Amino acid sequence: MKVLRRFFIRLSNLVTGRSADQRLREEIAEHLALQTEENLRAGMSPTEARRQAAIKLGAAEAIRQDHHAEQSLPFFENLLFDLRYALRMLVRSPGFSLIAIATIALGIGATTAIYSVIDATLLHPLPYPKPSELVRIEANLTGVGAHGVGISIPELRDLQNSGIFQNVSLCFFGSENVTGGSQPTHIAGATVSPSYFAVLGVDAALGRTFDPHDATPGPNLEVVISDGLWKRAFGADPRILGKSLRLDNDLFYVVGVMPPGFRDQGQTSEERGTELWAADGFSSDPPPVRGTRQPYVTVARLQPGLSLEAAQGHLDALVASLKKEYPADYPPQAAWTIHLTPLAETLVGNVRQSLVLLSGAVGLVLLISCVNVANLLLTRASARGREMAVRQALGAPRTRLIRQLLTESLLLFVLGGVTGFAVLFGARKFVLQFIPESLPRFNEISISWGVLAFAIIVSVAAGIIFGLAPAWLTSRRNLTATIGQDGRGSSGSRQRSRLRHVLVISELAISLVLMVAAGLLLRSFWDLFRVPLGFNPSRVVAIETTLPNPNDPKTDIYHTAAQEAVLLREVFRRNLTLPGVEETAVSDRAALPLGHGQGDLRPRPLIREGEDAQNRQPPLIDTSTVSPEYFHVLGMTLLRGRLFVDQDLEDTPSVAVINQAAARTYWPNQDPVGKHVHVRSRSDKPEWTTIVGVIADARTESLADTGIPELYLDIYQRPAKFLAFYLRGQVYPAAILAQERTQIQAVDPELPVFRAETLDDALSSSLSVRRFSMEMVALFAGTALLLAGLGIYGTISYVVNEQRREIAIRLALGAQRRDILKIVLRQGLILAAAGAGAGLVGAFIVSHLMAGLLYGVSPYDLSTFAGVTAVLTAVAIAASYVPALRAMRVDPMTTLHSE
Amino acid sequence: MKEKPDVLQGTLALMVLKTLDVLGPQHGWGIARRIEQISGDLLAVNQGTLYPLLLKLEHEGSIASEWGASENNRRARFYRLTGAGRKQLQTETSEWEQTAAIIARFFKVKAGDLT
């Protein structure tokens, strides 16, 4: 209490600048007068009385200082003094200050930008309470190499009753057609268990979410909508609750509106952008059977306090006991397992490596910019040697000098950090453009207070770390030598130049590491970009529509392939009348090259005639449904057999086309044409499908993966709901959506038509995260190279300046100017060689670590390493050339006379 | 020059408080002389060191000060004990007496007493 009171009084004195000096003076004068009078009374002479009084009082100046220290807060007061002095020093050498602040701003600005991305994605991936309890449950059939096979309803009940989880919920991302408005719209909707929101732990902002104990076997006709949909489609109607909504021709009732910031969990930006949730018990039709797994996403919330490892242990035990109980459903060769993954991990899993790489790269840039500034500070230290010596001679203790110098470097770093942040904040809209939208939680990325705090903390830490060594060395000098010799050849100078060389070498090494990383990423990207696709994306636009999928099949007007064929053929006929369109085709979304969401692809069990009679656990294969024209529009090559023809219809024998990878994998050394397979799906009639053709492999799933087995079915034999129409020819992507919408809705006005994208765009956006990290690392490498170049330039310039006398003497003694040039260049080269040597070691380590991000290029690619080393050496030589020229032009006469 | 006893630094504040308690409001010189008179030459204080201490006590709220007229009718700063200071003096006095008593007893003990 007393201490606090004293602190605040002193603080307020400091702030208001109130001084007690005048008061003390008067008090001392009075004190001396009283003491003198007493001394006089004791019989001293007036002079002696005054003298004795002064002696008794003590050293007046020391008293004044103590008194002042008590009146104010000396620590902060000194800090203010130091800051004021530091500001004056900055203003006095504006060139130095500007370069230093700009360098720091660059480093901290870049670091802060990357931090803001990482803060939103890696550090806070799940905007839900207690995110560590949330897991995704994945069932695998490791024996047949199938992952994420989904779970069946009886299995779901087993999980719910296991006691491991508070709640388990299924979730199925899809889309819904909302009709009844002026224009049918298509929104990202999910069908979820009633316990879904209880698992996430988020409540509705208006109304309620679903009752987690709702036991309706099928859809309970309740929907919860997002805040965005509520505002967009319903004008934020406060009486929305209880209103009906026509989704895929079924009537649903709105029971709740989610809060504005709510984002769904999910692996793609589309899934996370879900705007409507419908509750479903998932067990109405067909009656739940243990073996019928559905491709649902299963999310759950662990019991509080249960660790992931413990939960996985309990789960393994459960799986083992289920296998024993139902041996027919879990054949040992399938090796059924259930795996828990933290939900946060599933969201960021695929970009984590890229983001870690980026933060590493930006950390190196920050390091290099700090090193550069430390180097500048060292250079300036020699210029200020005399000042330091004089101050020391006048009695300043070394700690006081270090504090002063540290204040100066801290001021520089904080100014740099704030500048970097300000530039970033000003340019945030521009910067955000470069971030790929497919990044998880893209919308949450912002330049916030937390980011500002990060920038300031990093600046202060960097200022202390990189200001300390120069301050230490600057304040350490041999007094008499320095003052006597005007700063030349003092003992500190050799240490300083050694430190400076170490700094430059480390700068060169770091920039080499970054350049190698950038070079490897660039090569990977380039290779991916030029990879033979196996299909031709140019001049093709895909436009999507979805057919209604009502809960009661009897109300579905596109239930059979024949019913759907009428629609498709009419749309084809109309498509060909559009200007520029030469060819057209249709497929389900699973066949949409590189553009579909992960949920669209449902691998199906592939049962081969004869092969799998005894094997109850068939392999899974990517299956999609296409129209006969699909292969031609996309330019895929037929290798053997035939493609689909117009005669393949619902009532003719079912046929399929596979790709070469499927032929190689499932019919090695055999001709697959003519083989019979059974591709199981929910509505399938149990009939054999004949393989009629084999096409060449195409990278329609992923540019990086070649040879994923694919099986294509004919859309005129198997109806599909989620459709993509393809238009090949001279079409304008901007105008085509409206034109196509007119055509499709002329056939069925209830169909939404959305998302026109050229396949070229789909291709390039499938590379967006790769491109982003490649561009960023390249940018950072360029920055690092520039900084390292500046660093070597500064150091060589300084060395030349210090050796001017020596050079002049050499010249006077008859040395050739070319020799001088050589000597200086050699110094630059030695630095470059040392830097390159250290850098290569680092680069090998780093490239080994980032092997997973590379494609088609070895992490130890010789040409990349050699090329980068050559570039670095060239830059080092160029940077030392300018000071070397200056050294060559030293005039011996003037130089020797001037010193 | 011999250093002042260390104990002085800690107890000077207590002496100041006690002086003000006994004599009522005093100026700096008055306090200094009183301490000197009572402690004799044992505590030959540099009288000036009193002033930073007075300021500290004032910041802590144990004493207050105001301008007044000295014996010679000149301007002088007078210090007086506040309520908080009086309370502080009481607790510190009893603490001090306790400590002193313990130390005294400690020194009185002879080897024979312990057996």
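The values are calculated or read from the model by the stated rules, or taken from the named source; none is laboratory data. Just so you know, these numbers come straight off a predicted model, no measurement behind them. Cβ: placed from backbone, ideal geometry, glycine included. Neighbour counts: every protein chain shown.
So the values come out like this:
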quantity	calculated
Any hit, region A:242-265, residues being without any contact (Cβ under 8 Å) to a residue 60 or more places away in the chain, in contact with a Phe, Trp or Tyr (Cβ under 7 Å, 6 or more places away or on another chain) and buried (at least 21 other Cβ atoms within 10 Å of the Cβ)	yes
Condition broken by A:G534, with the remaining ones in (1) free of Cβ contacts under 8 Å to residues at least 12 places away in the same chain; (2) on the phi > 0 side of the Ramachandran plot satisfied	(1)
Residue match in region A:393-407 (condition: surrounded by fewer than 19 Cβ atoms within 10 Å (Cβ to Cβ) and closer than 30 Å to A:A762 by Cβ)	no
Residues that are closer than 24 Å to A:Y330 by Cβ, small (G, A, S) and surrounded by 18 or more Cβ atoms within 10 Å (Cβ to Cβ), drawn from region A:151-205	A:S152, A:S169, A:S193
Filter pass, A:L601 being within 21 Å of A:L547 (Cα to Cα), modelled with pLDDT under 95 and under 36 Å from the mean Cα position of the chain (by Cα)	yes
Positions within region B:44-90 being of a type in the set (K, R) and within 8 Å of another protein chain (Cβ to nearest Cβ), in sequence order	B:K56, B:R74, B:R75, B:R77
Hey, B:R105 more than 12 Å from chain A (Cβ to nearest Cβ), of a type in the set (D, E, K, R) and over 22 Å from A:A33 (Cα atoms) or not	yes
Test: residue in region A:43-53 that is within 11 Å of chain B (Cβ to nearest Cβ), without any contact (Cβ under 8 Å) to a residue 24 or more places away in the chain, surrounded by fewer than 16 Cβ atoms within 10 Å (Cβ to Cβ) and among the β-branched types (V, I, T)	no
When residues of region A:62-119 are limited to those that are farther than 30 Å from A:G450 by Cβ and among the acidic types (D, E), the one farthest from the other protein chains (Cβ to nearest Cβ)	A:E77
Residue check for A:L40: more than 57 Å from the chain's Cα centre (by Cα) and within 7 Å of another protein chain (Cβ to nearest Cβ)	no
Contacts under 6 angstrom Cβ, first residue in region A:1-24 being within 7 Å of chain B (Cβ to nearest Cβ) and surrounded by 11 or more Cβ atoms within 10 Å (Cβ to Cβ), partner of a type in the set (G, A, S) and part of a loop (DSSP other than H, G, I, E, B), 6 or more apart	A:R5/B:G61; A:R10/A:S72
Considering residues of region A:93-126 that are buried (at least 18 other Cβ atoms within 10 Å of the Cβ) and part of a loop (DSSP other than H, G, I, E, B) only, the residue nearest to the chain's Cα centre (by Cα)	A:P125
Residues satisfying the stated conditions in region A:684-697, i.e. among the hydrophobic types (A, V, I, L, M, F, W, C) and at pLDDT below 90	A:W688
Subset of region A:458-517 (residues that are at pLDDT 85 or above and acidic (D, E))	A:E507
Residues of region A:767-785 satisfying the condition of being surrounded by 18 or more Cβ atoms within 10 Å (Cβ to Cβ) and over 30 Å from A:D705 (Cβ atoms)	A:T783, A:A784, A:L785
Test for B:V22: is it loosely packed, with under 13 Cβ neighbours inside 10 Å and either more than 8 Å from chain A (Cβ to nearest Cβ) or over 19 Å from B:T91 (Cα atoms) (or both)	yes
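Rundown of residues vs (1) part of a helix (DSSP H, G or I); (2) basic (K, R); (3) surrounded by fewer than 16 Cβ atoms within 10 Å (Cβ to Cβ), yes/no style:
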residue: A:G313; (1), (2), (3): yes, no, yes
residue: A:A320; (1), (2), (3): yes, no, yes
residue: A:K324; (1), (2), (3): yes, yes, yes
residue: A:P327; (1), (2), (3): no, no, yes
residue: A:Q333; (1), (2), (3): yes, no, yes
residue: A:H339; (1), (2), (3): no, no, no
residue: A:V348; (1), (2), (3): yes, no, no
residue: A:V351; (1), (2), (3): yes, no, no
residue: A:S354; (1), (2), (3): yes, no, no
